[in-house]
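Student: So that we are looking at the same thing, I have put the structure below in structure tokens.
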Amino acid sequence: MSRNEHRPIYILIGPPGSGKGSLAQRCRHYDGIHTVSTGDLCRSHIYSQTEIGKEIDFSIKSGKLVCDETIVRMVHDWLDKNLWLTSGVILDGFPRSYAQAQELDRIFRQLQCPAYLRIVELKIQDEQVIRRLTGRRICGNTDCQAIYTYEDASLAPERHDVCDTCSSRLIQRSDDVYETVLRRLETYHHNVQDILSYYHHRTEFAGYIDADKPIDQVYTSFKQLVQR
Ligand code: AMP
């Protein structure tokens with residue numbers, strides 16, 4: 001793809017545990033679409049003990065959002081450095097507030113991104129999210145961070161608590177414990193209507209998919225929706 005050709009940036013809006021990361025993994029594997037997960041970027045800072053990592057550690061562990069300024073800077077820097085090298089990107093976990101949605105448009109104007117947005121909402125009931133997240137494991141290797149869940153046979157690892165991709169140990173995220181999951185869901189519901197109202201009337205809004213399905217079906221629905 002040439003530098004100036006416009007490429008899609010997919011925005012996935014859905015609660016934690018709706019499968020945004022797993023869908024992004026599928027799209028990367030089958031379609032070569034790059035993914036940037038703001039959660040992964042945050043966790044990398046924490047593991048590497050950077051200044052930012054020390055600053056955001058508490059917010060993440062307690063299930064609170066990291067401040068807009070820090071997250072917006074991470075997304076800006078990532079897009080500035082990587083967008084030109086990709087044929088499409090999935091933004092996983094951003095924007096998570098009305099202010100972040102506005103900031104994304106500002107980043108686009110500032111970087112003069114050769115890209116267009118496609119926004120997809122993932123719908124799923126809270127009870128299902130709670131079951132999925134408390135059964136979720138991620139690869140402890142920060143360069144991998146593959147996602148598994150024992151709640152969906154198609155997403156379970158082949159060997160118990162061992163990563164299929166790099167054979168590292170799987171771990172439970174500290175914010176995937178029950179009380180923190182409830183707090184993260186509460187934050188999501190508090191912000192989501194504002195974000196949707198920001199995007200709903202725009203032509204870039206592709207529609208929604210039922211995320212309470214096995215990942216292969218979710219992936220198929222996603223492809224059908226964004227190719228319309
Ligand atoms: P995730 O991996 O998407 O579930 O994100 C894990 C945690 O990272 C969240 O609970 C927040 O503390 C932080 N985080 C990720 N993305 C954002 C964002 N867009 N805005 C604020 N905090 C975020």
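What follows is calculated from the coordinates using simple rules that are stated; it is not laboratory data. Since the model is a prediction, treat every value here as computed from it, not as a measurement. Here the Cβ is made from the backbone with ideal geometry for all residues, glycine too, and neighbour counts use every protein chain on show.
Student: Kirkwood Rh, the range 98-180, all Cα pairs: how many Å? List each step's numbers first, then the result.
Tutor: Numbers: mean 1/r = 0.0647 Å⁻¹.
That comes to 15.5 Å for the range 98-180.
Student: Related question: Between residue 225 and residue 28, take the C-beta separation as r, use R0 = 25 Å, and let me know the FRET efficiency to the nearest 0.05.
Tutor: For residue 225 and residue 28, the calculated efficiency is 0.90.
Student: Another one. Ranked highest first by the average count of other Cβ atoms within 10 Å around their residues, in what order do 137-148, 153-164 fall?
Tutor: Packing proxy ranking, top to bottom: 137-148, 153-164.
Student: Averaging over every viewing direction, what projected area does the convex hull of the Cα atoms of the range 1-128 cover, in nm²?
Tutor: 8.3 nm²
Student: For residue 49 and residue 162 in the same chain, what is the full-extension length gain: residue separation times 0.36 nm, less their Cα-Cα distance, in nm? Before the final figure, lay out each step's value.
Tutor: On the way: separation 113, 0.36 × 113 = 40.68 nm, distance 2.48 nm.
Value of the extension gain: 38.2 nm.
Student: For a protection proxy built on the mean count of beta-carbon atoms within 10 angstrom, sort 34-43, 79-88 highest first, please.
Tutor: Listed from highest to lowest mean packing, they are 34-43, 79-88.
Student: Could I get the Rg over Rh figure for the chain? Both from C-alpha atoms, Rh via Kirkwood, rounded to two places. Mind showing how you got there, number by number?
Tutor: Values: Rg = 16.7 Å, Rh = 18.0 Å.
Here Rg/Rh amounts to 0.93.
Student: Which of the residue pairs 81/213; 64/123; 61/123 have a Cα-Cα distance greater than 30 Å in the structure shown?
Tutor: 81/213
Student: Tally the DSSP beta bridges in the chain and give the antiparallel ones as a percent, rounded to 5.
Tutor: Expressed as a percentage, antiparallel bridges in the chain total about 25.
Student: Another one. Pairs of alpha-carbon atoms within less than 8 angstrom and 6+ residues apart define the contacts here; what relative contact order does the range 141-200 have, in percent?
Tutor: Averaging sequence separation for qualifying contacts and normalising by length gives 18 percent for the range 141-200.
Student: How long is the gain from residue 1 to residue 172 if the chain were fully straight, where each residue apart is worth 0.36 nm and the alpha carbon distance is subtracted? Provide the component values of the computation, followed by the final result.
Tutor: Working: separation 171, 0.36 × 171 = 61.56 nm, distance 3.81 nm.
Fully extending the segment from residue 1 to residue 172 adds 57.8 nm.
Student: Using just the helices of the chain, give the 222 nm mean residue ellipticity in deg cm²/dmol: DSSP H runs with n ≥ 4 each add -39,500 (n - 2.57), and the total is spread over all residues, rounded to 500.
Tutor: Result for the chain: -15000 deg cm²/dmol, rounded to the nearest 500.
Student: If you don't mind, another one. For each of 20, 123, count neighbouring Cβ atoms within 10 Å of the residue's Cβ, then give the residues from fewest to most.
Tutor: Working: 20 27, 123 13.
So the residues, fewest neighbours to most, are 123, 20.
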